[in-house]
Amino acid sequence: MKKIIAAISCALLAGCLSDTSKDEHEQETWTIEPFPVFCVGVMPSLCMKYSNIDENESILFYGEINGYSHKWGAHDRVLVTVYDVDNPDQDEGATGATIVRVIDSEPVEVGTLHNLENVTMYETAFYIDDEQHHLYGYPVQCANQPVCDDLLAMNGSNSIVNLSLEYLGDEGIRVNSWY
């Protein structure tokens with residue numbers, strides 16, 4: 001009888017131990033803003049801004065949603081699996097996310113203006129690569145050459161500027177001016 005009780009106890013204990021070692025993942029519905037915002041972790045970058053359908057505040061997401069690529073100008077509602085990240089990279093948050101599905105996507109109107117505020121002109125802020133201008137790694141167009149020239153001259157100066165951006169649909173984003 002003692003052997004049967006011991007066997008049952010071991011089986012129950014093993015079952016409890018295996019349940020506690022499972023990593024629970026939570027699903028959330030996020031509404032992703034159509035334009036990124038300037039953010040600084042270890043390195044400056046442009047971050048996605050989203051709101052959780054269950055919360056009433058906007059949150060910056062440092063990093064990427066696995067399996068998802070946000071297109072500027074799209075107001076996306078997505079279902080994601082959220083999990084804790086053990087030992088995240090220096091410039092990523094302690095929370096990770098993987099796309100489950102895009103629930104819906106609504107583009108803003110072509111010609112929509114967006115102000116990107118308090119952008120620090122670090123060395124990687126605005127540069128040209130193979131004749132393509134980039135703003136923190138994102139390809140952009142310039143409204144005119146003086147705008148590009150000014151931003152290229154300020155690159156690496158640590159100046160803080162605001163940028164007026166325009167959504168061009170499939171043609172991308174244009175930097176209209178800085179102030």
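No lab work stands behind these numbers, since they all come straight from the coordinates. Everything quoted here is computed from the prediction, not taken from an experiment. When we count neighbours, we look across all protein chains shown, and the Cβ atoms used for this are built from the backbone with ideal geometry, even at glycine.
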- Task: State all residues of the stretch 95-128 that are of a type in the set (D, E, K, R) and touching a strand residue (DSSP E or B) at 6+ places or on another chain (Cβ under 9 Å); if no residue qualifies, say none.
- Result: ARG101, ASP104, GLU106, GLU109, GLU117
- Note on the structure: Here the residues within the stretch 26-52 that are part of a loop (DSSP other than H, G, I, E, B) and surrounded by 13 or more Cβ atoms within 10 Å (Cβ to Cβ) are GLU33, PRO34, PHE35, PRO36, GLY41
- Task: Please enumerate the residues belonging to the stretch 65-101 that are among the polar types (S, T, N, Q) and assigned to a strand (DSSP E or B).
- Result: ASN66, THR81, THR95, THR98
- Given the conditions (1) exposed (fewer than 15 other Cβ atoms within 10 Å of the Cβ); (2) part of a loop (DSSP other than H, G, I, E, B), and given that ASP104 satisfies all but one, which numbered condition is not satisfied? (2)
- Task: Please determine, by comparing only the residues of the stretch 108-136 that are assigned to a loop (DSSP other than H, G, I, E, B) and acidic (Asp, Glu), which one is farthest from GLY73 (Cα to Cα).
- Result: GLU123
